[in-house]
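Nothing in this text is a laboratory measurement; each read-out follows from the coordinates by a stated rule. This structure is a prediction, so every number in the text was calculated from the model and none was measured. As a convention, Cβ positions derive from the backbone with ideal geometry for all residues, glycine included, and neighbour counts pool all protein chains shown.
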Amino acid sequence: MELDLIQDAFDRVSKKQKLSSSKTQQLVRQIEHEIEQAIMKMQSTENATSCPELKQILADLKNKLNEFSPMNQLETLQKDLNITLGKYVKVTEKSFNPDISKAYRNVDFDPHIVNQIIASHFYRQGLFDLGDCFISEANEPEAAALKTPFLEMYGILESMRRRNLELALNWASSHSEWLAQNGSNLELKLHQLQFVEILQNDSVQNALSYVRKHLAPNASAHKVEIPKLMGCLVWSGKLHKSPYADLLSPNHWEKLADEFMQQFCSCLGQSYQSPLSIAIAAGIHGLPTLLKLESVMAVKKQEWQAMKQLPVPIDLSKDFQFHSIFVCPVLREQGSDENPPMLMPCGHVLSKQSIVKLSKSSTRPFKCPYCPLEASVAQCRQLHF
Amino acid sequence: MDKRTAKSFFFSADRRTHLPRDEIQDERLGKTEQGRGRSGGVLGSEKWRGRWIERWFRSPNGSNSVFPHQWQWRIPVSAAIEPSPPPSPSLSSVSTANSLPDFLSSPAMDMAIDSAPNGDASPAAAPAAQAAPTSTARLAQLAESLKLEHQLVRVPLEHLKKTIRFDYRLAEREFTAVLSSVAEAADSLDSSSVDETLKQLSSLVTRLQGLKRKLEEGGKLENLQVQRCRARLEHLRSVADADKLDDWKDARLNRILVDYLLRMSYYDSAQKLAETGNIQELVDLDVFIEAKRVIESLRNKDVVPALIWCAENKARLKKSKSKLEFQLRLQEFIELVRANEHMKAIFYARRYLAPWAATNMKEMQRVVTTLAFRHNTECSVYKVLFEPTQWDYLVEQFKQEFCRLFGMTNEPLLNIYLQAGLTALKTPLCYKEACSKEDPLSQEGFRKLAEPLPFSKFHHSKLVCYISKKLMDHENPPLVLPNGHVYSTKALEEMAQQNDGKITCPRTGEVCNFNELVKAFIS
């Protein structure tokens, strides 16, 4: 990316623009000066009516103005500036892709759906005013319903930021079943943090009663953590010198806030990151590939619009990998329900169809394409990713 | 290169796999060969398999600087495409010739660039050969994404050009007027008195002073716009700053959203978002303000501001052969007919539509015929011309011309990126119930949008562990339970540690021992 080249070209443009601007103003001043001089001369002459001197003055003025011809100078300045601008435009067109909408397929995105997606994105980011403004401008009143769960979430996050865990604890206890199902120990972590808070700011007695109230019922599940908390009681007031000093660190709060957000969104059936930002990030990754592909297929515009599957892979980073995709190395096709992956005794995996083909309708044993071990169809197991 | 030489070239670097590559194809086609007596499998180790080379296009000037490794990308280009552009016309794998999509051309040999020794040596070469996101790859990715930012840089430039042009024309007009006035005064000194001449000359001075003021203002505006161009270039450079990369990416998302909001005429939201995201220098709010005026007037069925805009940009509209002015005039004509002012309409046509007649005869004929009908006619061909939707069409036309003039893409950036993203993410698994909630395509809205788009394609397996949601690759290979379910090594090891070596399958609940697990080799 030759940003330096572009920068240089632009610096030239900026210089020329300043030069042109200042020169133009200078020209204006010059003309003004000449005319004023002529006026002064005319006023200073004694005679009233037309006299050869006056005529001479005006003729002089006219000639002088023609001599340093402001029009031509202006034109030259403008031409120079235009040339520099043109060069800069060329540089930008070379360095950047001038038309990224070439790969756009003519499918209409329903504006209502897009507006709803944008509105929910704003609410998810916590920009409630912006979301409301957007909804009113875009005339999508039903999208206002998307606001409520996120309002709740941000309310809880706000209170957590102020080191008040009450709302979070309420939420966690009301969703404890769900959390347990998903293998999350958010509630425990919240209690831990609250315990440390109480220990710091309050008395040992309160901290103990807190543990008795909240953690004792589930003591069997928290075999590792409760002894630690009990140990903290011994160092009350000097916790930062104890072996448990790391419980005091502030990034526990941040991590817990993140985990809370994750669990909350998961409970709603939504993703942790805004889906719009994931989709757009994937688009930015994939668009160069699509543009290249489109330029190759430029001859067959029809096929570009109507294709069911891309002919080339788009290389997204592993952040965008949400599904297990099995691609049979022999057939280069994706696995599906009709063509599942099968594990051979040697440990290699092929799709069912390729195994069937290799073994010629499941009669004799066949050789694995990777290693020389033989296997028969019956020995192959279906895999579930 | 014919098959024989290609084969020998291919296998010279690879001692163990000296088998002909098309053995698999032969088998599939039903041909067998006796007495091969080979020691290795056809496809060799999975490391070798993992090195399918994918050939990127070489750009015409030969620079391949974006990709430092020799990553090359297989392009399925049919024979019909002219050979001039990408210099590697048809590459495909011999072994999969039968099953590739239709437009792949005849099989050819793969070029094995990476001729590192295979075999048990160099287990480190395998991860390197895989698409591991190293920092060089990430930088290359960022560089590629910067190339998409043409609009960011072009729009303020066009705005600057416009201001420069405007100031130039102003100065040109005033200069010509002043010079001709002086010449006139010089010539007509006899007929007019001295006082008059003096008055004329002083009026010229005032005029020049006015010009000076205007040029100063214009100069200030130009400077602001130059500053804006510069700020944007700075912003593009700042992507190299690894700490602020997340902020940069958020700013990018906000930019895309502001562009969409402006194009849909949601100006207040755009303003708010620009302020919240602190990206005022990076978005084109001011450019769209002048569009706002015209669009609002068109919505109020008033073509005058639009016509003014056309007059201001006459030269450039003509260069792009735009018919906007013609269509605006047609609409005015129709409005006159609607108001039953036929004589006025005819005069209007004579004056304004006639110049366009040569190039747009059919269109004009169609519209002028409305004179013969009333505005509530039932005749379908002419009824549609009286519909209020004609005004919406005009608004769309104006928006398109406007965007084109300023170097913007004709579709909102949001749509472009969203389409590309949905295509890249779309797999048949996304439409099933079991789709992970982290996938955007699990949401109803995204699914609907993605329906008409093509599926993405994969050449290599990419497996995600059900338990840990991490990628199962060479560092974290998949393990198979006796019931056929597959999970990653790391997740299963952890589970075994916490449960005395016992593994419980999360999906079926079956229990087994850690040592009953079998390794699976997936390329």
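Past 26 Å, Cα to Cα: identify those pairs from B:Lys161/B:Lys323; B:Lys147/B:Lys244; A:Lys62/B:Lys161, in the order given.
Those over the limit are A:Lys62/B:Lys161.
Within 10 Å of each Cβ of A:23-35, how many other protein chain Cβ atoms are there on average?
Average per residue, whole number: 5.
Given the C-alpha centroids of the range A:305-377 and the range A:163-214, what is the distance between them in whole angstrom?
49
In debye, nearest 20, what is the charge dipole magnitude of the range A:201-294 about its Cα centre with +1 on Lys and Arg Cβ and -1 on Asp and Glu Cβ, if you could check?
About 400 debye.
Starting at the first residue of the range B:135-143, write each ³J(HN,Hα) from the Karplus equation 6.51 cos²θ - 1.76 cosθ + 1.60 with θ = phi - 60°, in whole Hz, x for Gly and Pro.
Values per residue, Gly and Pro as x: 5, 5, 5, 5, 5, 4, 4, 5, 4 Hz.
Can you pull the mean other chain C-beta count within 10 Å for peptide B:147-153?
6
What are the DSSP H helices in chain A that stretch 18 Å or more along their long axis, judged by alpha-carbon atoms, and whose average Kyte-Doolittle hydropathy comes to at least 1.0?
Numbers: long enough: A:3-44 (61 Å, -0.72); A:52-67 (22 Å, -0.80); A:70-95 (38 Å, -0.63); A:111-124 (19 Å, 0.05); A:147-161 (21 Å, -0.10); A:186-201 (22 Å, 0.15); A:251-268 (26 Å, -0.44); A:275-296 (31 Å, 1.15).
Helices meeting the span and hydropathy rule in chain A are A:275-296.
Would you compute, for the Cα atoms of the range B:451-523, the largest minus smallest coordinate along each principal axis and list the three values in descending order, in whole Å?
Extents along the principal axes, in whole Å: 49, 25, 19.
Grab the other residues whose beta carbon is less than 15 angstrom from that of A:Asn97, score K and R as +1, D and E as -1, and report the net. Could the numbers behind the result be given before it?
On the way: positive: A:Lys90, A:Lys94, A:Lys102, A:Lys292, B:Lys147, B:Arg154; negative: A:Glu2, A:Glu93, A:Asp99, A:Glu294, B:Glu144, B:Glu149, B:Glu411.
So the surrounding residues net to -1.
Can you compute 3J(HN,Hα) from phi for each residue in the range B:278-290, using the Karplus curve 6.51 cos²θ - 1.76 cosθ + 1.60 with θ = phi - 60°, rounded to whole Hz and x for Gly and Pro?
For the range B:278-290, the Karplus curve yields 6, 10, 4, 6, 9, 10, 9, 4, 5, 4, 7, 5, 5 Hz.
Taking K and R as +1 and D and E as -1, what net charge do the other residues with C-beta under 14 Å from the C-beta of B:Glu494 add up to?
Values: positive: B:Lys469, B:Lys470, B:Lys490, B:Lys502; negative: B:Glu493, B:Asp500.
Neighbour charge sum, excluding B:Glu494 itself: +2.
With a ≥ b ≥ c the root eigenvalues of the C-alpha gyration tensor of the range B:291-426, is it rounded (a/c under 1.5), prolate (a/b larger than b/c) or oblate?
Because a/c hits 1.5 or more and a/b exceeds b/c, the range B:291-426 counts as prolate.
Over all directions, how big on average is the projection of the convex hull of the alpha-carbon atoms in the range B:143-186, in square nanometres? Numbers along the way, then the final one.
Details: hull surface 13.2 nm².
Its average projected convex-hull area is 3.3 nm².
Relative contact order, percent, of the range B:135-291 when contacts are C-alpha pairs under 8 Å separated by at least 6 residues?
29
Which peptide among B:299-308, B:226-235 comes first, and what is the full order, when sorted by highest mean count of other Cβ atoms within 10 Å? Present the calculation step by step, with values, prior to reporting the outcome.
Working: B:299-308: 15.3, B:226-235: 17.6.
The peptides rank, most packed first, as B:226-235, B:299-308.
Please compare each pair in B:Lys162/B:Lys314; B:Lys437/B:Lys470; A:Lys189/A:Lys241; A:Lys15/B:Lys220 to a cut-off of 19 Å on the Cα-Cα distance and tell me which ones are over it. Intermediate results must be reported in sequence, preceding the final value.
Values: B:Lys162/B:Lys314 12 Å; B:Lys437/B:Lys470 15 Å; A:Lys189/A:Lys241 22 Å; A:Lys15/B:Lys220 14 Å.
Cα-Cα > 19 Å for A:Lys189/A:Lys241; rest within.
Once you have a ≥ b ≥ c as the square roots of the Cα gyration tensor eigenvalues for chain A, tell me rounded if a/c is under 1.5, and otherwise prolate or oblate according to whether a/b is larger than b/c.
Taking the square roots of the gyration eigenvalues as a ≥ b ≥ c, chain A is oblate.
Given R₀ = 60 Å, FRET efficiency for B:Glu433-A:Gln302 by Cβ-Cβ distance, to 0.05?
0.95
Average the reciprocal distances over every distinct pair of alpha-carbons in the range B:221-262, invert the result, and give the Kirkwood radius in Å. Can you show the working numbers first?
Working: mean 1/r = 0.0871 Å⁻¹.
Radius from the Kirkwood sum: 11.5 Å.
If we sort B:453-460, A:189-196, A:348-355, A:171-178 on the protection proxy, mean other Cβ atoms within 10 Å, highest first, what's the order?
A:348-355, A:189-196, B:453-460, A:171-178
Could you sort the peptides B:414-427, A:242-255 by per-residue average Cβ neighbour count (10 Å cutoff), highest mean leading?
Ranked by mean Cβ neighbours within 10 Å, highest first: B:414-427, A:242-255.
Output ³J(HN,Hα) for the range B:445-455: one whole-Hz value per residue in order, computed from phi by the Karplus curve 6.51 cos²θ - 1.76 cosθ + 1.60 with θ = phi - 60°, and x for Gly and Pro.
So the Karplus estimates, Gly and Pro as x, are x, 5, 4, 5, 5, 7, 4, x, 8, x, 6 Hz.
Indicate the gyration tensor shape class of the range B:357-406 (rounded, prolate or oblate), computed on the Cα atoms with a ≥ b ≥ c the square roots of the eigenvalues: a/c under 1.5 is rounded; otherwise a/b larger than b/c is prolate and the rest oblate.
It comes out oblate by the Cα gyration axes.
Per residue of B:371-381, what is the mean number of Cβ atoms on other protein chains within 10 angstrom of that residue's Cβ?
Average neighbour count from other chains, rounded to a whole number: 0.
Under 17 Å Cα-Cα from A:Lys94, which aspartates and glutamates qualify once same-chain neighbours fewer than 8 residues away are excluded?
Once the sequence-local aspartates and glutamates are set aside, what remains near A:Lys94 is A:Glu2, A:Asp4, A:Asp8, B:Glu144, B:Glu149, B:Glu158.
In nm, give the distance between the simple-model label positions of A:Val224 and A:Ser101, each being 7 Å from the Cα along the Cα-to-Cβ direction.
Here the answer is 5.6 nm between the modelled labels.
What is the sum of charges around B:Leu245, taking Lys and Arg as +1, Asp and Glu as -1, for the other residues whose C-beta is under 14 Å from the C-beta of B:Leu245?
-1
Got a sec? How would B:Met472, B:Met343, B:Met495 order by Cβ neighbour count within 10 Å, fewest to most?
Details: B:Met472 25, B:Met343 8, B:Met495 19.
Exposure proxy ranking, most exposed first: B:Met343, B:Met495, B:Met472.
What residues have an amide H closer than 5 Å to that of A:Gln309, excluding those fewer than 5 places away on the same chain, when H is modeled at 1.01 Å from N in the peptide plane?
Those qualifying (amide H under 5 Å, at least 5 residues apart or on another chain) are B:Phe455.
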